[in-house]
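Scroll down for the structure; my scribbles are underneath it.
The values are calculated or read from the model by the stated rules, or taken from the named source; none is laboratory data. Bear in mind the structure is a predicted one, so any value in this text is a computation, not a measurement. Cβ atoms come from the backbone with ideal geometry, glycine included; neighbour counts cover every protein chain shown. Accessible surface is based on the protein model in full, side chains and every heavy atom, while ligands, DNA and RNA are left aside. Shrake-Rupley method; radii C 1.70, N 1.55, O 1.52, S 1.80 Å.
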Amino acid sequence: MRKFWMTAALMTLAVASAQTITTSPKSGETGGPDAVATGTTTASVTQTVNLKLPQATALHLDATQLTFDISQLANQDGTWYCAYGKGNGTDVDSQLGTDFWNQTQTLPLGTKYIPDANTFGKVSIDGGAKVTSYPPVTQASAGAEVDNASKAYFVCYRSFIIQKFSNVGNFKLSVSRNTPTGANADMGRQMMYIQDNPCDTWGEGTGLYRLPVGATRELIPMRLTQGTTGARAAGNVTFTDKTVTSNATKFCRQNTSWLDDLVVIAVVVDGDKAGDNNAILTYTLESKASAFVIGDSDATTASKP
């Protein structure tokens, strides 16, 4: 019975793909004014073919749950990585300009991530020593002096893909973090950082944006908000930086109008209460026909909170 059903289903699909259409317009209907031309050896008429599309904006998030399970530090599997800071172990901030919505770039505890120039979605972490125990502490051997530096804060990185669709003409992506309230108001306040990397500009080194409780950040540089997502994924937009076009062709998925972005999130660990520290992030894709300007920013702070 199952074999028969599968065969019948395939036959149905085959029939469904071989439908007929009738000529349009039919006699008596209008398809615009008629066009007639006569000549001795040539005759030409013109026709407008209108592909009429509704405006559409959409997001696809493939990781609605992103967990940093610190009890599993010894079992980091390549999907996440935790390391001590670099230098003096504090954040390193750089004020950015208008193209980045006047926001501040941050290296969490002096660390950063480095995109693999040849593989979209693959990054490496430039940080201090890997952290494999919690609470963080290192003792070379039983009875040996404990290295107090090993008790420092550390930072953990994870990444995921978000896909954007926008055909209006210009688009921007922002992220907002909730403010914990009620009985658990003292949880979900971990130090957090975020950055977005569109496939059509993959390979650029970058810091992250600090995302404190209740804040909103713009994730896409202003110069990358121009065009439709499909045009950018296909490399069919005129860019100032010509390397962007080749990156789009090399790294973006083919035959789709959705644009893939790799989002990197980092959290600093220490001082937080045991249990589930849930921070709720809301991603918003906005489209409009005219170009975005600095006044369109939804960022709630432009510098270090």
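The label point for K151 and the one for T20, both projected 7 Å from the Cα toward the Cβ, are 8.5 nm apart.
Mind checking the dipole of the range 152-202: about its Cα centre, +1 per Lys or Arg Cβ, -1 per Asp or Glu Cβ, Debye to the nearest 20? Can you show the working numbers first?
Working: 5 positive and 3 negative charges, 11 e Å.
For this selection, approximately 60 debye.
For the chain, the longest principal axis of the C-alpha atoms and the axis of helix 2-16 are separated by about 50°. Each 10 Å bin, from zero up to the one with the longest distance, holds this percent of the alpha carbon pairs of the chain: 5, 21, 25, 18, 13, 9, 5, 2, 1, 0, 0. With helices as the sole contributors, the chain gives -3000 deg cm²/dmol at 222 nm; each DSSP H run of n ≥ 4 counts as -39500 (n - 2.57), and the sum is divided by every residue.
Would you kindly calculate the translational diffusion coefficient of the range 63-152, applying Stokes-Einstein with the Kirkwood radius from alpha carbon pairs, for 20 °C and a viscosity of 1.002 mPa s, and quote it in µm² s⁻¹ without decimals?
Values: Rh = 15.6 Å.
Roughly 137 µm²/s, to the nearest whole number.
A Förster distance of 25 Å, applied to the separation of the beta-carbon atoms of N50 and S290, puts the FRET efficiency at 0.60.
Ordering Q47, N247, F165 by the projection of their Cα atoms onto the charge dipole of the chain, which places +1 on the Cβ of Lys and Arg and -1 on the Cβ of Asp and Glu, puts Q47 at the extreme positive end. The accessible area of K273, taken with all protein chains in place and a 1.4 Å probe, comes to roughly 110 Å².
For the chain, the dipole from Cβ point charges (+1 on Lys and Arg, -1 on Asp and Glu) about the Cα centre works out to 640 debye, to the nearest 20.
When the dipole is taken about the Cα centre of the range 100-172, and only Lys, Arg (+1) and Asp, Glu (-1) are charged at their Cβ, what size is it in debye, to the nearest 20?
On the way: 7 positive and 4 negative charges, 81 e Å.
My answer is approximately 380 debye.
Separation of the alpha carbons by more than 21 angstrom is noted, of K52/K250; K112/K172; K122/K250; K172/K288; K130/K250; K86/K273, for K52/K250; K112/K172; K130/K250; K86/K273.
Could you tell me what percent of the accessible area of the range 142-198 is made up of carbon and sulfur, with a 1.4 Å probe and every protein chain present? Each step should come with its number before you reach the end.
Values: 1160 of 2300 Å².
It is 50 percent, rounded to a whole number.
The 3J(HN,Hα) values that the Karplus relation (6.51, -1.76, 1.60; θ = phi - 60°) gives for the range 204-209 are, in residue order, 6, x, 7, x, 10, 9 Hz. Gly and Pro appear as x.
Before I look further, what does the chain give for accessible area per residue, probe 1.4 Å, in whole square angstrom? Mind dumping the intermediate values first?
Working: 17910 Å² over 305 residues.
For the chain, the solvent-accessible area averages 59 Å² per residue.
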